Amino acid sequence: VTAAGRRVLLLGGDGFVARELARDLPLLGWEVLSTSRRPGAALRLDLADPDAFVPPPGVAAAVLVAAVARPAACEADPDGSRLVNADAPARLLPRLAGAGVRVLALSSDKVFDGTVPMRRRDDPPCPAGEYGRQKAAMEASALAAGAAVLRLSRVVAPGFALFAGWRADLAAGRPITPFADMTLAPVEARRVAALVSAILLSGGDGVYQASGDRDLTYAEAAQFLAAAWGADPALVRPLPAPVAVAGARLPAHTTLDMSRERGEFGVGNADALACVRLAAGVREGLPMRVPDPGSL
Ligand SMILES: NC(=O)c1ccc[n+]([C@@H]2O[C@H](COP(=O)([O-])OP(=O)(O)OC[C@H]3O[C@@H](n4cnc5c(N)ncnc54)[C@H](OP(=O)(O)O)[C@@H]3O)[C@@H](O)[C@H]2O)c1
């Protein structure tokens, strides 16, 4: 991809990660076009019917972002979500790659079962749920088509809605109930955008990964933020995640090894606590300690 050819198409421009990419990639020199499945969209793509889609001219690269991205939604409708998450990419991505477009597909740490920290890119996928199985199938077809894959753990950005909600509740003296048994290894969206750009420019293929450097429970993140905001710690009341959210099994570990990214691009694992601060709008240097998980 040359400087003149830095036009990237986001396949699915309306979701959380896509909106962050659409803001950050232009800062890295990319012209961003986005598809949407919504009626009236200029570039319409519904992954339920991907065969009619023709990419606009002059697109050097495409990033598959759209997905049924909530594990609980995939468990509730495995057939419908598989059409979007696995079957559509298997039809669409080879066609784009065959037309000379460099393709990068976003995947998830959920291709692994969460029993082992810092999964390596070449560890065989071992998903524990339907979402992870669909993402693993998508990865296989994308890689077979010569596309690159970028696996992500929880992506966060300033204004992250969950943390904003906690802050509003705590400020109003209302208790919050963060999950005590669900973890996140947050990675900030601008690091993801930097990697997307670097991968597309390098022309590299195979699997790339990005995650925070450690897993925190949502309860740890909430206690950390409550302390930073000066809120009453008694208002943080951790609870187990309900099955509807957690699925059959909660992964203890969502971190991903980033030695390839560190070696090729100088981008390593994100500082998980710094990502929590960034996403919550908390300035660095405020007195904070990570609570002892045993005290939850
Ligand atoms: N957010 C994370 O922390 C995270 C972590 C790991 C991996 N990922 C991956 O990153 C990607 C984006 O995730 P996200 O969190 O941004 O998800 P999101 O906010 O839920 O957005 C998903 C997008 O996919 C679109 N979509 C769903 N079904 C579609 C269909 N049939 N045709 C076209 N578009 C469709 C949705 O369109 P509408 O807006 O019209 O509903 C929505 O804009 C996904 O591939 C996800 O697996 C995200």
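The values are calculated or read from the model by the stated rules, or taken from the named source; none is laboratory data. Model, not experiment: these values are computed from the prediction. For neighbour counting, all protein chains shown are included, and Cβ atoms are generated from backbone atoms with ideal geometry for every residue, glycine included.
What the table below lists for this structure:
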quantity: Residue that is assigned to a helix (DSSP H, G or I) and either more than 15 Å from the chain's Cα centre (by Cα) or among the β-branched types (Val, Ile, Thr) (or both), where the choices are LEU225, LEU250; calculated: LEU225
quantity: Tally, over the stretch 2-22, of residues that are outside any loop (DSSP other than H, G, I, E, B), farther than 17 Å from ALA194 by Cα and in contact (Cβ under 8 Å) with a residue 12 or more places away in the chain; calculated: 2
quantity: Residue ID - farthest from the ligand (Cβ to nearest atom), chosen from residues in the stretch 12-49 that are surrounded by fewer than 20 Cβ atoms within 10 Å (Cβ to Cβ) and at positive phi; calculated: GLY29
quantity: Given (1) assigned to a helix (DSSP H, G or I); (2) touching a residue at least 60 places away in the same chain (Cβ under 8 Å); (3) within 13 Å of the ligand (Cβ to nearest atom), index of the condition VAL63 fails; calculated: (1)
quantity: Tally, over the stretch 83-98, of residues that are more than 11 Å from the ligand (Cβ to nearest atom) and crowded, with 24+ Cβ neighbours inside 10 Å; calculated: 1
quantity: Out of ALA198, ALA279, ALA241, ALA231, sole residue that is small (Gly, Ala, Ser), closer than 19 Å to GLY165 by Cβ, touching a helix residue (DSSP H, G or I) at 6+ places or on another chain (Cβ under 9 Å) and not in a loop (DSSP other than H, G, I, E, B); calculated: ALA279
quantity: Unique match (being part of a helix (DSSP H, G or I) and modelled with pLDDT of 95 or more) among LEU47, LEU25; calculated: LEU25
quantity: Residues of the stretch 137-182 that turn out to be β-branched (Val, Ile, Thr) and either in a helix (DSSP H, G or I) or away from the ligand (no atom under 13 Å from the Cβ) (or both), as a count; calculated: 2
quantity: Any chance ASP205 is among the charged types (D, E, K, R), surrounded by fewer than 22 Cβ atoms within 10 Å (Cβ to Cβ) and either touching a residue at least 40 places away in the same chain (Cβ under 8 Å) or touching a Gly at 6+ places or on another chain (Cβ under 6 Å) (or both); calculated: yes
